[in-house]
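To keep things clear, I will list the structure first and then write my remarks on it.
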Amino acid sequence: MLEKKFVDQEFTRWSGDIPVSYLYTSGVAGEQFFTGLKNKGKIMATRCTKCRIVYLPPRLFCERCLKKLDSWAPVPKKGTITTYTIAYQDYQGQPLAEPVILALISFKGVHGGLIHKIDEILPEEVKVGATVVPVFEDKNKRQGRVLDIKYFKPS
Ligand SMILES: [Zn+2]
């Protein structure tokens, strides 16, 4: 019993699954952000009127001056691909029918950005610096979540 074992099959053990559920609330800023997507079809950010910094994802407090942020503004419609990756497998390592392009999208005058899918372009044509615009779900299908933006496409 005191000798070290390095292969997990050598241990006496039970096998099984533990069901886990969780609830992660979006918070006050997140709720306004998701409401903006659902009801207005707009990507909303918070703005510090003192530092003139616009935050995306929205924050409740300015990171620079710690002022409470209650000023909201839509981000510009056009974003820029800051970096991207192309996924050929899903989370389980299974091959995808089509590669998925995932990008960090930044917006002029906005601190931060969004990570989202890029579509309506071939993977080999994606470039850092390319401008993209969001494609929203039809309004009656939106649920107040980031996937209310179906993807971004070249503008
Ligand atoms: Zn500030």
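The values are calculated or read from the model by the stated rules, or taken from the named source; none is laboratory data. Keep in mind that this is a model prediction, so the values were computed, not measured. Cβ sites come from the backbone with ideal geometry, for glycine too, and all protein chains shown count toward neighbours.
List of remarks:
- Across the stretch 99-127, the qualifying residues are those that are among the basic types (Lys, Arg) and surrounded by fewer than 14 Cβ atoms within 10 Å (Cβ to Cβ), and the one among them that is nearest to Pro74 (Cα to Cα) is Lys108.
- Among the residues of the stretch 132-148, those that are more than 19 Å from Pro58 (Cβ to Cβ) and in contact with a strand residue (DSSP E or B) (Cβ under 6 Å, 6 or more places away or on another chain) comprise Val132, Val135, Glu137.
- Each residue in the stretch 22-43 was checked for being modelled with pLDDT of 90 or more and β-branched (Val, Ile, Thr), and 2 pass.
- Test for Val135: is it out of contact with any Ser or Thr (no Cβ under 9 Å at 6 or more places or on another chain) and touching a residue at least 60 places away in the same chain (Cβ under 8 Å): no
- Where a residue in the stretch 27-56 is within 17 Å of Leu114 (Cβ to Cβ) and its partner, wherever it lies, is within 16 Å of the ligand (Cβ to nearest atom) and in a helix (DSSP H, G or I), with Cβ under 7 Å and at least six apart: Thr46/Ala29
- Screening Leu66, Leu56 for residues that are surrounded by 15 or more Cβ atoms within 10 Å (Cβ to Cβ) and closer than 19 Å to Val28 by Cα leaves exactly one candidate, Leu56.
- Some residue of the stretch 75-91 being on the phi > 0 side of the Ramachandran plot, out of contact with any His (no Cβ under 8 Å at 6 or more places or on another chain) and either surrounded by fewer than 17 Cβ atoms within 10 Å (Cβ to Cβ) or in contact (Cβ under 8 Å) with a residue 24 or more places away in the chain (or both): no
- Of the strands (runs of 3 or more DSSP E) lying entirely inside the stretch 18-115, those containing at least 3 residues that are among the hydroxyl-bearing types (Ser, Thr, Tyr), more than 16 Å from the ligand (Cβ to nearest atom) and closer than 17 Å to Val132 by Cβ are 79-89.
- Some residue of the stretch 129-139 being among the aromatic types (Phe, Trp, Tyr), under 15 Å from the mean Cα position of the chain (by Cα) and more than 21 Å from Leu37 (Cα to Cα): no
- Residue in the stretch 38-45 that is farther than 22 Å from Lys150 by Cα and hydrophobic (A, V, I, L, M, F, W, C) present: no
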